[in-house]
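Peer 1: Okay, handing you the structure first.
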4 protein chains.
Amino acid sequence: MAKGQVNIGLIGQAFMGRAHSNAWSQVGRFFDVPMTPVQKCIAGRDEKTLAAFAARWGWENYTTSWKALASSPEIDLVDIGTPNNLHLQMAKFALQAGKDVACEKPLAGTLDEARQLAQAARKAKNAKTYVWYNYRRVPAVALAYQLVKAGKVGNVRHVRAVYLQDWADESVPLIWRFDKKVAGSGSHGDLCAHIIDMTRFVMGEEITEISGAITETFIKERTLPTVSGQGGIASGAKGSGKKGKVTVDDAVLFLARYEGGAVATFEATRMATGNQNRHGFEINGTKGSLRFNFEDMNWLDYYDATAPRETQGWARIMCTHNGSHPYAQAWWPDAHIIGYEHAFTNMAYDILLDQAGKKPTVPLPDFEDAYQTNRVLEAALLSAKHKTVVKLKDVK
Amino acid sequence: MAKGQVNIGLIGQAFMGRAHSNAWSQVGRFFDVPMTPVQKCIAGRDEKTLAAFAARWGWENYTTSWKALASSPEIDLVDIGTPNNLHLQMAKFALQAGKDVACEKPLAGTLDEARQLAQAARKAKNAKTYVWYNYRRVPAVALAYQLVKAGKVGNVRHVRAVYLQDWADESVPLIWRFDKKVAGSGSHGDLCAHIIDMTRFVMGEEITEISGAITETFIKERTLPTVSGQGGIASGAKGSGKKGKVTVDDAVLFLARYEGGAVATFEATRMATGNQNRHGFEINGTKGSLRFNFEDMNWLDYYDATAPRETQGWARIMCTHNGSHPYAQAWWPDAHIIGYEHAFTNMAYDILLDQAGKKPTVPLPDFEDAYQTNRVLEAALLSAKHKTVVKLKDVK
Amino acid sequence: MAKGQVNIGLIGQAFMGRAHSNAWSQVGRFFDVPMTPVQKCIAGRDEKTLAAFAARWGWENYTTSWKALASSPEIDLVDIGTPNNLHLQMAKFALQAGKDVACEKPLAGTLDEARQLAQAARKAKNAKTYVWYNYRRVPAVALAYQLVKAGKVGNVRHVRAVYLQDWADESVPLIWRFDKKVAGSGSHGDLCAHIIDMTRFVMGEEITEISGAITETFIKERTLPTVSGQGGIASGAKGSGKKGKVTVDDAVLFLARYEGGAVATFEATRMATGNQNRHGFEINGTKGSLRFNFEDMNWLDYYDATAPRETQGWARIMCTHNGSHPYAQAWWPDAHIIGYEHAFTNMAYDILLDQAGKKPTVPLPDFEDAYQTNRVLEAALLSAKHKTVVKLKDVK
Amino acid sequence: MAKGQVNIGLIGQAFMGRAHSNAWSQVGRFFDVPMTPVQKCIAGRDEKTLAAFAARWGWENYTTSWKALASSPEIDLVDIGTPNNLHLQMAKFALQAGKDVACEKPLAGTLDEARQLAQAARKAKNAKTYVWYNYRRVPAVALAYQLVKAGKVGNVRHVRAVYLQDWADESVPLIWRFDKKVAGSGSHGDLCAHIIDMTRFVMGEEITEISGAITETFIKERTLPTVSGQGGIASGAKGSGKKGKVTVDDAVLFLARYEGGAVATFEATRMATGNQNRHGFEINGTKGSLRFNFEDMNWLDYYDATAPRETQGWARIMCTHNGSHPYAQAWWPDAHIIGYEHAFTNMAYDILLDQAGKKPTVPLPDFEDAYQTNRVLEAALLSAKHKTVVKLKDVK
């Protein structure tokens, strides 16, 4: 019997358009997929480059009308890889058109929009929704989830979560990432969203309180961009002499409490000189601890406090063993490491499992789940603004 | 001409009594000291063990009367190595007796006492005061200070400071460190004090605001101790069946702002499983960054953002080179590493330089300086208590 | 004007077949290629799986006759991804058919065969040949080459090269990798070949002497395989009760001298418990040093001995900066790391540059170059066999 | 009853004189010693500095006649901290005078002298002998020994041992360490001796064969010294314009086999730029592996191949836990790390245990044991000289 297929329509041809395209084209090569992903159509605004992009990445068709794509009877799953301010209209439209939707993170640039999307998803009863918090599918992070679930860490008491980048020095012009209207926020939605989702996922616990927060914009003005970046973040962007105002945060720091009693520090910034992409967490529990840093994404550090004391230590686990580690069956022999893009491919695989009615390797975040992360983002902003503790139950 | 001598009287024969005794006895062996430290007398409460302690560590005399010691004409410098709640009366008495005073950190268990001590020091115009924030004299930390001062880091934007220990699990009984009356606080005065002092020292900047804080006691009750620990912290302490209430924090976390614009996370805890003594900081500036972790105390990590981009990276500096690194002239050949106790010996050397009217290797903290750290400690407690931002100018 | 194209015919559908297929299919997506690689045809022995493999990896056609493929007028470049004992006949045939040839490493399982291939390549004057020593194109390794070439290391005095794996314990049956007839040798041709090529490449120097060598087979007999492994090395292979003799080495160690005066240790093994794929080198020169370990393949360590002594240290370079590091222009934003397969894709890009008459990013190994590595392999075996020093000039 | 005492006479007031003096003066402070070490007398050649040295380091008397010291009825244990070429006459004399002897490593600069000393020790039936292979008493190394002994590593198959320093560049003049008459050899006796002893100790196995060796002198001539170094190795040494010939090796590399079947690489050098004191080993066994590097001397890495595969990894053990790790009872709280000198103090403690008829923490090397290390040193030299394999049974 023929295997079913999932017809995919992707909106967006920038950084995320590229990452998603790669995931859909690679997943069937490396994984034994339960359904075949078909790259039906891509929608983008820049007509000049769209045909070439579609050809390069294996899309059967392309269109400059995302609505045409999202309502086409040919499409089963609408994949949204656009800036945050477009998520609401696109995802809502697609849900109303009866499509399953996979949306880039964060679910939305504002809590209000995220709430609307969660509601829209609830309403569209048969629709499946996904949010591309792809780092859940870094094998080391998925393993961390499994170890916590298996009780290896015990009750978590401490969380340290950071997402540190350093690309945003004075030389970078005022690209869209510094514009609140487009991005919603700066490092907060871009980076904090990931570490909030990641700790919620790994721990299986919700944050109940933001106990204090700082938002900071170190560079208040930047030159206006004449050339926008290619290939990711701000690479290659150039500015003119004129300056414009930065309307988002460069850095966000906050303290939090989890439902299980853990206390946490969170920090996201684009100005942590020397840290190009340090996206990680440490959690300390009554029975053990875990550490992860994306810059060494194939490794997970685990401290087993129940081992004999004389050999207790931080074990550095290379998470590539076929048969022992999540997603390792798809890739290369042991310690022939994988990279950034593979987390997207792993997620594409889990989406296909879910589409086929099977259980994904580790839980997939849907709109409801991602809305919880938006609530935490909002609570942190409120805490910074009002200079006080904010309970999550008061942020909806 | 004969070299001058400094007659030292030490109060305290526990963990710190041992560390100070070692420092005074070793400093003249490894360093070319400008004045000779003479271990004149030690005062302690436990008469049974005092004579043996004095003999073991080379003290000429001993007494159970700290007042006798502190007022003896034989003594030039009173060195106080007792719990925090005794600092005020002892240091004040010694100052009034005309002595120079070296006091263990924190200067006091409460801000009120710290203020009184700062005042007493100001009053005793000719007295020199020192506080044993010994980690300033870990060579890597002293080098960090020198690099910041030389402009290698530029303007600091981010600080991450942690002091993580994990010894205080449920099995540890209610030793004095869990008793507010004796200790003043838990991890806060014990551990946070160090990271506050260390970042103030390395950056040469003051904290201006606590932007949010959490204090937490994970284990509310502990068994009463029957045997107290020997040789440091809680090692060997045993408890009975009866329980008593823990009156101090197990963990403290706070956010802060520095006068130069940097934002910071601070965390101190005794329950960060897998981190036995991770006492460190990261600072990120416009020109470079620094990282330090006491568990690897001979190393300093430095990121030079002004180097050619292709070879930019975190340089791991082994801080043991005689001729290049502070204090290295005293010890062993390159990379024949030193340990915890050496920071005390290095500090004893700098105290002797100061006594001889010479400039210490790096600045020594006096009572006034240590009082600033107590102000930050207090501000963090107020922030946690009142769930709001606390400006340092309002805490005196 | 239309961009030229290179029609590729691949022989082999196992581990390397998969890696090469991926490279050819991905190179045009990530790189701006000067010529378009067309995946014309794949040849394989296992007819049952060949059609599915071709479809999965995007090959236009497939055949069970490698000779048909290698002589087809449709094919420009014959890519050989088969076991070592087949390289000679296939590559020679393809060269005689007027094709360019890209052959898996080592060039051959024996020196005699390697010499024949080097001769065949010389004879086929217009043919371009390549050998898949893909690790040259790990960005960190390519950067190491560039730094040595720029004089940053000075004269090299010490080399430490290891390729350590640990998959070959008693549970692994007698797969082809333990059979001399197929593999030629064990860890020697499989692993040593890589570290010989890598150091020759990075240093730009030839080995002149093997100063001593050990070959060792720890496990002399293994059970005969009933199921062969899938997805790389020995993963999934199972054995029956009967045993057969292992005819290759498990480990090879040797000492060597380079033409510039450096002395070296080499070690390759499949039994270095805890080292799944530690493929690396250290070189120490008069001006600086370099360290690389494939398990952390995005990092290169560099020690600049000409820097001010106080900040000298091992700089850990994240080799992902677009504009500074080789191949980074193709991939993701800074520190969004890449993995094992990307070295193949980078090599495919350089082959295309070479095909288009342009200069590859770093030198490509041709048959002549790879023959030199076979000479070193042979010299090491002779040294082990005759228990004496072997000069390279005597091994041809 | 009064505790017994051991009266110590030390010969040598340079680098090792200082290290031994410190050990004898500190051991009674940190350890509960079974016998009291009394620093009776020190002998040295430089009368001008001897009195000050004795006073500084707590020696009761001093003399310029080592024979007077070694034959004095006051002395129980003669401690020899002089250059290698003096060991034979001094140790032999002391043994004949009925003393116990603790001799610096290597036992002698030549095999012939080492053999004579082993014979002298056998003859002096009641004498106890010790050789200061102090690194056995780095807690991490002692723990490695214990873990191997407990079977945690299984059968060792691979050994990698290095002792890499980088102080000996062109600027260093022709100090005694480059003079064969005084030093016997260069990096070989100085550094290789340590890694031979260390692996013999940790593994509890003897080397049976040197399978190849290289000795190399990179810098053939050096300027004659005008000022000799102080405080260790070559620090501060200065040279004149005239040059003299270096008569020792700068680097030694060899391959070896152990009685249990393991194969090994050894390397010692003073020119491994960037490695100031990398003294370490890796051993890989059938059940687990161990790694140690002196530059991080408080850590031992352990890979447990019997653990569940999913959490297998290199555990980084901080070897400072009182109650779990050797010698930790003497020092500071957990992870308040120790340094180079402490290995000597730990050894002094074990010597005192042995003097009191008790079992030392881990085995102490006597002259017989150290003679075995000299045999390996000689075998390596023979292998390099004769360019062939040398069996240990043929070297006596």
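Peer 1: Could you pull out the residue among A:V202, A:V182 that is more than 8 Å from every other protein chain (Cβ to nearest Cβ) and open to solvent by 30 Å² or more (accessible area, probe 1.4 Å)?
Peer 2: Exactly one of A:V202, A:V182 is more than 8 Å from every other protein chain (Cβ to nearest Cβ) and open to solvent by 30 Å² or more (accessible area, probe 1.4 Å), namely A:V182.
Peer 1: Next question. Mind checking whether some residue in segment D:110-132 is in contact (Cβ under 8 Å) with a residue 60 or more places away in the chain and touching a His at 6+ places or on another chain (Cβ under 6 Å)?
Peer 2: no
Peer 1: Still on this structure, please answer the following. Could you list all residues from segment B:190-210 that are among the β-branched types (V, I, T) and within 21 Å of B:V389 (Cβ to Cβ)?
Peer 2: Passing the criteria: B:I195, B:I196, B:T199, B:I207, B:T208, B:I210.
Peer 1: Filter segment A:106-164 for residues that are among the aromatic types (F, W, Y) and closer than 30 Å to B:V162 by Cβ; which is farthest from the chain's Cα centre (by Cα)?
Peer 2: Only one residue tops the list, namely A:Y145.
Peer 1: May I pose another question? Just checking, how many residues over segment D:272-302 are within 11 Å of chain C (Cβ to nearest Cβ) and open to solvent by less than 10 Å² (accessible area, probe 1.4 Å)?
Peer 2: 9
Peer 1: Next question, about the same structure. More than 13 Å from D:T273 (Cβ to Cβ), of a type in the set (A, V, I, L, M) and out of contact with any Pro (no Cβ under 8 Å at 6 or more places or on another chain), is that true of C:A305?
Peer 2: no
Peer 1: Filtering segment D:8-47 down to residues that are away from chain B (no Cβ under 14 Å) and in a strand (DSSP E or B), which residue is most open to solvent (accessible area, probe 1.4 Å)?
Peer 2: Within segment D:8-47, the match that is most open to solvent (accessible area, probe 1.4 Å) is D:K40.
Peer 1: Same structure again: Can you run down the residue pairs with Cβ atoms below 6 Å, 6 or more apart or on separate chains, where the first is in segment A:365-385 and of a type in the set (S, T, Y) and the partner is assigned to a helix (DSSP H, G or I)?
Peer 2: A:Y371/A:A114; A:Y371/A:A118; A:T373/A:A193; A:T373/A:I196; A:T373/A:D197
Peer 1: One residue is enough: does segment D:158-169 have a residue meeting the conditions surrounded by 21 or more Cβ atoms within 10 Å (Cβ to Cβ), of a type in the set (V, I, T) and farther than 28 Å from C:V159 by Cα?
Peer 2: no
Peer 1: Right, something else. What's the number of the condition C:F218 fails, among (1) within 30 Å of C:D301 (Cα to Cα); (2) facing chain D (nearest Cβ under 9 Å); (3) among the hydrophobic types (A, V, I, L, M, F, W, C); (4) open to solvent by 30 Å² or more (accessible area, probe 1.4 Å)?
Peer 2: So the condition that C:F218 fails would be (1).
Peer 1: Same structure again: Mind checking which pairs have a first residue in segment C:151-169 that is more than 21 Å from C:N275 (Cβ to Cβ) and a second that is open to solvent by less than 30 Å² (accessible area, probe 1.4 Å) and β-branched (V, I, T), Cβ under 6 Å, 6 or more apart or different chains?
Peer 2: The qualifying pairs are C:V156/C:I283.
Peer 1: In segment A:50-79, which residue that is open to solvent by less than 10 Å² (accessible area, probe 1.4 Å) and within 14 Å of chain C (Cβ to nearest Cβ) is farthest from C:R29 (Cα to Cα)?
Peer 2: Checking each candidate, the answer is A:A54.
Peer 1: Any residue that is small (G, A, S) and open to solvent by 10 Å² or more (accessible area, probe 1.4 Å) - is there at least one of those in segment B:376-392?
Peer 2: Taking every residue of segment B:376-392 in turn, at least one turns out to be small (G, A, S) and open to solvent by 10 Å² or more (accessible area, probe 1.4 Å).
Peer 1: With the structure loaded, tell me whether B:T311 is in contact with a Phe, Trp or Tyr (Cβ under 6 Å, 6 or more places away or on another chain) and open to solvent by 10 Å² or more (accessible area, probe 1.4 Å) or whether it fails that test.
Peer 2: When the stated conditions are applied, B:T311 passes them.
Peer 1: While we're looking at this one, here's another question. With the checklist (1) within 8 Å of another protein chain (Cβ to nearest Cβ); (2) assigned to a helix (DSSP H, G or I); (3) within 27 Å of D:T345 (Cα to Cα) in hand, flag the one item B:L352 doesn't pass.
Peer 2: The one condition B:L352 does not meet is (1).
Peer 1: Next up: From the list B:A305, B:A268, B:A264, which residue is facing chain A (nearest Cβ under 9 Å), of a type outside the set (K, R), farther than 28 Å from D:Q165 by Cα and buried (at least 24 other Cβ atoms within 10 Å of the Cβ)?
Peer 2: Answer to the check: B:A264.
Peer 1: Of the residues that sit in segment C:243-258 and are more than 8 Å from chain D (Cβ to nearest Cβ) and among the charged types (D, E, K, R), which one is most open to solvent (accessible area, probe 1.4 Å)?
Peer 2: In this case the residue turns out to be C:K245.
Peer 1: Can you find even one residue in segment D:330-348 that is more than 7 Å from every other protein chain (Cβ to nearest Cβ) and open to solvent by 30 Å² or more (accessible area, probe 1.4 Å)?
Peer 2: no
Peer 1: Filter segment A:355-364 down to residues that are in contact (Cβ under 8 Å) with a residue 40 or more places away in the chain and in a loop (DSSP other than H, G, I, E, B), then give me how many there are.
Peer 2: Residues meeting the conditions: 6.
Quick grid of which residues meet (1) open to solvent by 20 Å² or more (accessible area, probe 1.4 Å); (2) more than 14 Å from every other protein chain (Cβ to nearest Cβ); (3) closer than 19 Å to C:Y327 by Cα; (4) at pLDDT below 95:
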| position | (1), (2), (3), (4) |
| --- | --- |
| C:G81 | no, yes, no, no |
| C:L88 | yes, yes, no, no |
| C:K99 | no, yes, no, no |
| C:A102 | no, yes, no, no |
| C:K128 | yes, yes, no, no |
| C:A140 | no, no, yes, no |
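The values are calculated or read from the model by the stated rules, or taken from the named source; none is laboratory data. Small disclaimer: the values here were computed from a predicted structure and weren't measured. Methodologically, a virtual Cβ is constructed for each residue, glycine included, from the backbone with ideal geometry; neighbour enumeration extends over all protein chains shown. Note: areas computed on protein heavy atoms with side chains; ligands, DNA, RNA excluded. Shrake-Rupley method; radii C 1.70, N 1.55, O 1.52, S 1.80 Å.
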